[in-house]
Amino acid sequence: MSKKYCYLFTEGNAKMRELLGGKGANLAEMTNIGLPVPQGFTITTEACTQYYEDGRQINDEIMAEIMEYIEKMEKITGKKFGDLENPLLVSVRSGARASMPGMMDTILNLGLNEDVVDVIAKKSNNPRWAWDCYRRFIQMYSDVVMEVGKKYFEQLIDAMKEKKGVTQDVELSAEDLKELAMQFKAEYKAKIGSDFPTDPKEQLIGAIKAVFRSWDNPRANVYRRDNDIPYSWGTAVNVQSMAFGNMGDDCGTGVAFTRDPATGEKKLMGEFLTNAQGEDVVAGVRTPMPIAEMAEKFPEAYDEFVKVCNILEDHYRDMQDMEFTVEHGKLYMLQCRNGKRTAPAALKIACDLVDEGMISEQQAVAMIDPRNLDTLLHPQFDPKALKATEPVGKALPASPGAACGKIVFNAEDAKEWAARGEKVVLVRLETSPEDIEGMKAAQGILTVRGGMTSHAAVVARGMGKCCVSGCGAINMDEANKQFTLAGKTYHEGDWLSLDGSTGNIYDGAMPTVDANVGGDFGRIMAWADKFRRLKVRTNADTPADAARARSLGAQGIGLCRTEHMFFEGDRIAAIREMICSDTKEQREKALAKLLPMQQGDFEGIYEAMEGCPVTIRFLDPPLHEFVPTEEADIELLAKDMGKTVADIKAIIASLHEFNPMMGHRGCRLAVTFPEIAVMQTRAVIRAAINVQKKHPDWNMVPEIMIPLVGEVKELKFVKDVVVKTADEELAAAGMNMKYLVGTMIEIPRAALTADQIATEAEFFSFGTNDLTQMTFGFSRDDAGKFLPAYYDNKIYESDPFARLDQVGVGKLVDMACKLGRATRPELHLGICGEHGGDPSSVEFCHKVGLDYVSCSPFRVPIARLAAAQAAIRDQRQ
Ligand code: PEP
Ligand code: MG
């Protein structure tokens, strides 16, 4: 049977989101449960992928089915495209499986031409409305379908308003709007070279193609990459009969949430604009009224809306984000979805829903986006500084967090300034989806216009980025890159601080303090810990980092990069002395200086981890990273070592390598200079002995990790040195302490020969940073230069250094686990590459049976939650 590409709203349901997209599936579901939904049909995501497969064409089969569904829709609504009695007007909206607010395109009022405008003007006795619809349609169609920039039309509107001496669109008369529509058509013809299409079916096909095409627009591509949404999903298209919010003062349109998306508080929250269409609210062009006012102006529609909200929350068991329209006092639902929310709101809503008996603890854990937690864990303004400072302005607290940076006025500048290391705050009249990369680059966003559901607010919230919106007190002069607020003129580059939780704006740079988590966060984390199988460790090199990670729930250290402590104070001098030594004796003398320092560091880390396991990795980077580059430092080193400057320079030159990342580093250092491994083993074992003596109730089992192994014999060589030294130390101390010697699996050959490696290694830790680098054959430091071209050309969808490449690198990991455990069934397995804190990679680690993931301290809660979700999904499947 051939595929079905179109579904009436009456034919679908909420479970069909893969095929119908989120919007289509929910429109069908709302229809099924009897809510007032203007009817229509959904063209499936498979039609979109087919469109791309066919070289961006709608093939005959799909086209025929769309035509058939137009007829079905005409029958259901009793209206007909282009009809002079009862014309059908539709909206055409995108809707992917995962919601991507504002990233793709929408067209309203489709089906209009001058004849139809005349008909609806007469029938409604409302020519102003009819012409307003038409000019909006021409504008949107030209922008979205034909890619004539919006600005040309906006300039015409501004000119018209000026001519008429009015400030608001709603003050323009029917005649003005008609004139505008004609101007728009002329503009269209001037830009495109042909007349504006009059045939509704032609308009519809153009619009459908535009929505399909918008799946591949740059902002959608960026959004998808940030949100792990595969390109292969495609978007559905919803063709829905129009309900009109712009027919007069008894009409309007709104966006609302069943709970506050910023705080999670259980109260209806939203915005409503009378005599307007949907895009007016979302675009933030006019600042709307709070939803409560709707209760006064439209009591019946409001009551019905409240009922619908309750039905929807009860049905979906989650906070709903809804779009609706009131046409002559009657309510129509245009969309519902699980609302995007801030991290604190996500936690509160999940906990409240459990307390309300709506969902289980497991469902609560499953509903939180782990990446969202990041925002909870980041700094806020220092309360003392806040108390001592008066804000210079206040606007809507659109997305929480603290941001301070230098003012920039456009997305391009934000990107450029951030790329050169500046912290910036992006200040805009209003943001549009094109600004997404600039918003990403900025610390925070401040807009002059727009409400809590404006583009800036929704996108910033999704990014977890501080945003203050709708600051009407700002007098903006974008052209000259300046604005005035509270009597002061701010220029590009001036410092500004934003508090996205209160909406306050502060002059200058305000100090911040670390985040403080508790309450709902603690409850969710405790639930997550009940469900997960994977342990979560941290990558920490100092006692302070270790303590922070511990407070965030780390169950051990998966990677302590010992070299990170070598750069401090006296240590760098000792390590340079070691590197520049001529003989083993000289090296040992320098290493002897390092020994007590390393031992002290390890003791501090052991203390901070309170007896939890700690994996210490031996020296890894190429030695040239430690040698001095400044003349004065070279002279000092020469003097200390009794050598000439020329000697030292010669040594430094000799350390030069063409490919240092594939050069003399990792275990190769210990093969050539075993005394380094001897010193590090002593430091680890002595530290463990001391801490064990101090805490007899802890069971210290030091874990020594040999990096960059590719051959079992090199591991054995270094391990023999470690074991001999450790046993000597333990014997000397009269201690009988267990310790483990394991290896990182970060060279493909180690993965391929993991069965052999496991004969020596007592644990594996996957170093997926190097393993990715060496598997792909491109440098982790340089790939940033060319990866963007790979994204643009759809060769890679995400950065393989951030998100584990499960197909290639993952295959090596899986294989190494199996081979390793075949040799040594009790082999302990973990990951310590950056991927250990990435949710999709954590899920992979769960699936291949690792014992733990290890990630940076701030990502520990993310990994705990992701691990729980992986276990829950696994159980459900
Ligand atoms: C790795 O390669 O994944 C790893 C954790 O080691 P490093 O990043 O220090 O090379
Ligand atoms: Mg490595």
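Summary table
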{"item": "Extension gain, Q586 back to D250 (0.36 nm per residue minus Cα-Cα distance, nm)", "result": "112.0 nm"}
{"item": "Extended-chain gain in nm, criterion 0.36 nm per residue less alpha-carbon gap, K189 and E437", "result": "86.0 nm"}
{"item": "Listed peptides 557-566, 145-154 by packing density, highest first (mean Cβ within 10 Å)", "result": "557-566, 145-154"}
{"item": "Among beta bridges that DSSP assigns inside the chain, antiparallel share in %, nearest 5", "result": "65"}
{"item": "Residue-count net charge about G742 - beta-carbon cut-off 11 Å; Lys, Arg +1, Asp, Glu -1", "result": "0"}
{"item": "Mean Cβ count within 10 Å, highest first, over the residues of peptides 108-120, 337-349, 645-657", "result": "337-349, 108-120, 645-657"}
{"item": "21 Å Cα-Cα threshold exceeded, pairs from K384/K481; K122/K191; K150/K189; K163/K185; K584/K643", "result": "K384/K481; K122/K191"}
{"item": "Cα lying deepest toward the dipole's positive end in the chain, options A592, A789, F801, charges on Cβ", "result": "A592"}
{"item": "Inter-probe distance in nm under a simple model that places probes 7 Å from Cα toward Cβ, at T759 and T823", "result": "0.7"}
{"item": "Accessible area expressed per residue, the chain, with surrounding protein chains retained (probe 1.4 Å, Å²)", "result": "40"}
{"item": "Potential lengthening between A646 and E293 on full extension [0.36 nm per residue; Cα-Cα distance subtracted]", "result": "119.0 nm"}
{"item": "Accessible surface of W233 - all protein chains present, 1.4 Å probe, nearest 10 Å²", "result": "70"}
{"item": "Distance between modelled label sites at A479 and F658, nm, 7 Å Cα→Cβ extension", "result": "5.8"}
{"item": "Among 830-839, 855-864, 158-167, 59-68, the order from most to least packed when residues are scored by Cβ within 10 Å on average", "result": "830-839, 855-864, 59-68, 158-167"}
{"item": "With all protein chains modelled, accessible area of F531 [1.4 Å, Å²]", "result": "60"}
{"item": "Value of relative contact order over the chain, rounded to a whole percent, pairs C-alpha under 8 Å and six or more apart", "result": "9"}
{"item": "Rounded to the nearest 10 Å², the accessible area of K847 at probe 1.4 Å", "result": "130"}
{"item": "29 Å Cα-Cα threshold exceeded, pairs from K15/K847; K340/K811; K267/K394", "result": "K340/K811"}
{"item": "Region 323-475, relative contact order [Cα under 8 Å, separation at least 6], %", "result": "22"}
{"item": "FRET efficiency, H564 to K593 (Cβ-Cβ, R0 22 Å, nearest 0.05)", "result": "0.75"}
{"item": "Efficiency of FRET from Cβ geometry, Q877 and K122, R₀ 56 Å, rounded to 0.05", "result": "0.45"}
{"item": "Förster radius 60 Å - calculated FRET efficiency between K847 and A388 (Cβ-Cβ, nearest 0.05)", "result": "0.70"}
{"item": "Inter-centroid distance (Cα atoms) of region 530-546 relative to region 356-393, Å", "result": "21"}
{"item": "Span from the region 144-187 Cα centroid across to the region 639-704 one, whole angstrom", "result": "72"}
{"item": "Unit charges at the beta carbon, dipole of the chain: most positive-side option, W527, N338, L204", "result": "W527"}
{"item": "Label-point separation, M358 to T10 (7 Å along Cα→Cβ), nm", "result": "3.1"}
{"item": "In region 296-377, the GluC sites (Glu not before Pro) that fall in loop regions by DSSP, at most 16 other Cβ within 10 Å", "result": "E356"}
{"item": "Of all accessible heavy-atom area on the chain, the percent that carbon and sulfur account for (1.4 Å)", "result": "50"}
{"item": "Helix-derived mean residue ellipticity, 222 nm - over the chain, DSSP H n ≥ 4, -39500 (n - 2.57), to 500", "result": "-14500 deg cm²/dmol"}
{"item": "Residues of type aspartates and glutamates that K738 reaches as a straight line, Cα spacing below 14 Å, ignoring anything fewer than 8 places off in the same chain", "result": "E703, D727, E728, E729, E762"}
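The values are calculated or read from the model by the stated rules, or taken from the named source; none is laboratory data. Please read these numbers as outputs of a predicted model, since none were measured by experiment. All Cβ positions, glycine included, derive from the backbone under ideal geometry; neighbour counts span all protein chains shown. With ligands, DNA and RNA removed, areas are computed over all heavy atoms of the protein, side chains included. Shrake-Rupley method; radii C 1.70, N 1.55, O 1.52, S 1.80 Å.
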